[in-house]
Amino acid sequence: MEYYIIIASSIIIILSYLFNRISEKSNIPSVLLLIFLGVAGREFIGILGVEKETILDIFNRIRILEVLGTLGLILIVLEAALELKIAKEKFRLIAKSFVIALAGLLICMFGIAGILMFSFKNMEWSTALVYATPLSIISSAIVIPSVVNLDEEDEEFHIYESTFSDILGIMIFYFLVELAQPTSNVIVLGDFTFSLVVTIVTSVILSYVLIYIFQNMETKVKLFLMIGVLFLLFSIGKLMHLSSLLIILVFGLILNNYKLFFVGRLKKYLRPMSIENIRETFLMITIESAFVVRTFFFVIFGFSIALSTLLDIKVAIISAAIIAVIYISRYLSFLPYKHDNLKRAIAIGPRGLITLLLFYSIPEELNFEGFKSGILLFVIIVTSLVMTSGLIKKDTKNDEEISEVE
């Protein structure tokens, strides 16, 4: 049996790599192909006579989606932080992308929460906001590899915007989860503020200490040790009710922008060549690890979807309303700014990994039985296809301009 599992896992990883190559050539997000692979796998093993319910029961008992989801969140935030360059000449672009990401996130959250409240009469406002937040976050995991062929400024804008959307959305989600618990709002707000301050201070101190220690380590095996330490700090922080993802974010930002943080007297403790080598190799390992986690997460998600939910008319109507809110919120968030290629910019707002990861992070006491996973699938598929369409039109237009020049 173990050999079949190894064979299946190997085939999935190979196909995932091929899907990435197809995505680069066609702009079709590999996420969709992985989900469809999971759906096809579910039907295929049914044909072979294997009990689908038995496999799903095993997945549920070991909570595999939740475990992969947690690992995915850590790796996504770390990867985003390691890609985020802070430079004075970029401040205007960074500020613009931050404001648009935050405005789009908030408008979308309240709009989707309103739709959920209207659609599910028994859903409370606090629960509706918790469910709306994952659906409001742009997936940087889809955006970043998809915008590589855009102009440099457009590419940087969408990388910053999607990264800020991820980070802000995750923080808001966990705050709303705390707020939805049966505790006084004032107490929760006070606890959250205290937790935030303690986490930021602790994160900065730990980041300096870790970077100093690892730059001076002579052993060759240290990068996975660093990942292990970060996972450990994240888990301990969670048990202590701290905003653990901030630890990962701050560490990644300081490592990627060490010249800005190691100044004054701290500069003499810096070994630039060693840190640069650590940063480049660490980023590569993080990207590779995130690739594996994303692959199995989406395949298992596709496997766990009952196709019957896609045929539910109520699911389709709710999904259509949510998708409308997503693009209206993007249009409104861009209004205060003059932005070139506005239609394409609005189209680049796919939902994906973060949406699913946070959805599976919703505590059991906030679970709402009427909410169907088919809504998530509809939203992910349509927003990904809309982005693909926007990018393909851009490529077609560029090809026509090149032909005219020739």
Exercise for review: Confirm whether residue 127 is within 28 Å of residue 353 (Cα to Cα) and in contact with a Gly (Cβ under 7 Å, 6 or more places away or on another chain).
Suggested key: no
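Conditions tested, residue by residue: (1) touching a strand residue (DSSP E or B) at 6+ places or on another chain (Cβ under 6 Å); (2) modelled with pLDDT under 85; (3) among the charged types (D, E, K, R); (4) farther than 24 Å from residue 316 by Cα.
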site: 339; (1), (2), (3), (4): no, yes, no, yes
site: 347; (1), (2), (3), (4): no, no, no, no
site: 350; (1), (2), (3), (4): no, no, no, no
site: 368; (1), (2), (3), (4): no, no, no, no
site: 373; (1), (2), (3), (4): no, yes, no, no
site: 376; (1), (2), (3), (4): no, no, no, no
site: 384; (1), (2), (3), (4): no, no, no, no
site: 394; (1), (2), (3), (4): no, yes, yes, yes
Review point. When segment 89-134 is examined, which residues are found to be part of a loop (DSSP other than H, G, I, E, B) and touching a helix residue (DSSP H, G or I) at 6+ places or on another chain (Cβ under 9 Å)?
Key: 120, 123, 124
Review point. Limited to segment 210-259, what total is found for residues that are outside any loop (DSSP other than H, G, I, E, B), surrounded by fewer than 13 Cβ atoms within 10 Å (Cβ to Cβ) and either aromatic (Phe, Trp, Tyr) or touching a residue at least 40 places away in the same chain (Cβ under 8 Å) (or both)?
Key: 1
Point to revise | Which listed residue is out of contact with any Asp or Glu (no Cβ under 7 Å at 6 or more places or on another chain), in a loop (DSSP other than H, G, I, E, B) and closer than 30 Å to residue 288 by Cα, from 86, 170 | key: 86
Revision key, fill the gap. Counting only residues that are surrounded by fewer than 16 Cβ atoms within 10 Å (Cβ to Cβ) and either modelled with pLDDT of 80 or more or of a type in the set (S, T, N, Q) (or both), segment 29-66 contains a total of 4
Point to revise | Hits in segment 328-369 (condition: more than 23 Å from residue 64 (Cα to Cα) and outside any helix (DSSP H, G or I)) | key: 335, 336, 337, 338, 339, 340, 341, 348, 349, 350
Review point. Restricting the search to segment 266-315, which residues are more than 30 Å from residue 217 (Cα to Cα) and either hydroxyl-bearing (Ser, Thr, Tyr) or over 24 Å from the mean Cα position of the chain (by Cα) (or both)?
Key: 295, 304, 307, 308, 309, 311, 312, 313, 314
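The values are calculated or read from the model by the stated rules, or taken from the named source; none is laboratory data. Remember, it's a predicted structure, so these values are computed and weren't measured experimentally. Every residue, glycine as well, gets a Cβ built from its backbone with ideal geometry; the counts of neighbours run over all protein chains shown.
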